[in-house]
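Chemist: Starting off with a structure, shown below.
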Amino acid sequence: MLSNQSKYAIRGVIYLALHASGNNKLGSKEVGEKINVPQPFLAKIFQILSKEKIIESSKGPKGGYNLTNKQLSGNLMSIIECIDGLDNFNSCFIGLPHCSDENPCSIHHLGAPLRKKLVSNLKKRSIAEFAEETKKGRSVIF
């Protein structure tokens, strides 16, 4: 359902939420090494996220990436929407072009509620909450 680019973006942002701050900005090279993501690919992803104000970026000797408090309160769905768009969350599970609640495919009634719940949780929970889960050892990002 998610592209590698979105997966890497989520992992990178959560890593920043855990390890970066206004006084401790991290470069894409360091983050990429820590989360096992190719650095050039992560650098492009971080540029996109920075341009869309999902993460903070600064240049110079002490430059790098971090998240502001406002950005920490953002959600993972905004990252996915920025990178992949929402088409994958709106498309038919078996690839039919006109599947909907009114015109369902054979598994629509099984998949649609799961998708709606996933989207709802990705919108409801903050980046900080996902980072906290990782910090407590309840989830991993690498």
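Chemist: Going residue by residue through the stretch 66-74, is there one that turns out to be assigned to a loop (DSSP other than H, G, I, E, B) and loosely packed, with under 12 Cβ neighbours inside 10 Å?
Modeler: No, the stretch 66-74 contains no residue that is assigned to a loop (DSSP other than H, G, I, E, B) and loosely packed, with under 12 Cβ neighbours inside 10 Å.
Chemist: Listed residues ILE35, ILE83, ILE48; which is β-branched (Val, Ile, Thr) and under 18 Å from SER139 (Cα atoms)?
Modeler: Details: ILE83 fails: under 18 Å from SER139 (Cα atoms); ILE48 fails: under 18 Å from SER139 (Cα atoms).
Result: ILE35 is the single residue among ILE35, ILE83, ILE48 that is β-branched (Val, Ile, Thr) and under 18 Å from SER139 (Cα atoms).
Chemist: When SER28 is evaluated against the numbered criteria (1) among the small types (Gly, Ala, Ser); (2) surrounded by fewer than 12 Cβ atoms within 10 Å (Cβ to Cβ); (3) under 21 Å from THR134 (Cα atoms), which criterion, by number, is the only one it fails?
Modeler: Of everything listed in (1) among the small types (Gly, Ala, Ser); (2) surrounded by fewer than 12 Cβ atoms within 10 Å (Cβ to Cβ); (3) under 21 Å from THR134 (Cα atoms), SER28 misses just condition (2).
Chemist: Can you name the residue in the stretch 84-98 that is closer than 28 Å to ALA20 by Cβ and not hydrophobic (A, V, I, L, M, F, W, C) and, of all such residues, is surrounded by the fewest Cβ atoms within 10 Å (Cβ to Cβ)?
Modeler: Selected residue: GLY85.
Chemist: I'd like the full set of residues that are at pLDDT below 95 and in contact with a Leu (Cβ under 6 Å, 6 or more places away or on another chain), limited to the stretch 66-89. Write out each step before concluding.
Modeler: The first filter runs over the stretch 66-89 and keeps only residues at pLDDT below 95, leaving 86-89.
Hits for the stretch 66-89: nothing passes.
Chemist: To continue, here is another question. Being closer than 23 Å to ALA20 by Cα, surrounded by 13 or more Cβ atoms within 10 Å (Cβ to Cβ) and among the β-branched types (Val, Ile, Thr) is the filter here; which residues of the stretch 99-140 pass it?
Modeler: Those that are closer than 23 Å to ALA20 by Cα, surrounded by 13 or more Cβ atoms within 10 Å (Cβ to Cβ) and among the β-branched types (Val, Ile, Thr): ILE127, THR134.
Chemist: While we're looking at this one, here's another question. As an exercise: evaluate PHE89 against (1) part of a loop (DSSP other than H, G, I, E, B); (2) touching a residue at least 60 places away in the same chain (Cβ under 8 Å); (3) not aliphatic (A, V, I, L, M) and give the number of the one condition it does not meet.
Modeler: Evaluating PHE89 over (1) part of a loop (DSSP other than H, G, I, E, B); (2) touching a residue at least 60 places away in the same chain (Cβ under 8 Å); (3) not aliphatic (A, V, I, L, M) leaves (1) as the failure.
Chemist: Further question: If the requirement is being surrounded by 14 or more Cβ atoms within 10 Å (Cβ to Cβ), polar (S, T, N, Q) and in a strand (DSSP E or B), which of these qualifies: SER50, SER57? Full working, then the answer.
Modeler: Numbers: SER50 fails: in a strand (DSSP E or B).
None of the other options fit; the residue is SER57.
The values are calculated or read from the model by the stated rules, or taken from the named source; none is laboratory data. Computed from a predicted structure; not experimentally measured. Here Cβ is always computed from backbone atoms with ideal geometry, including for glycine, and neighbour counts include all displayed protein chains.
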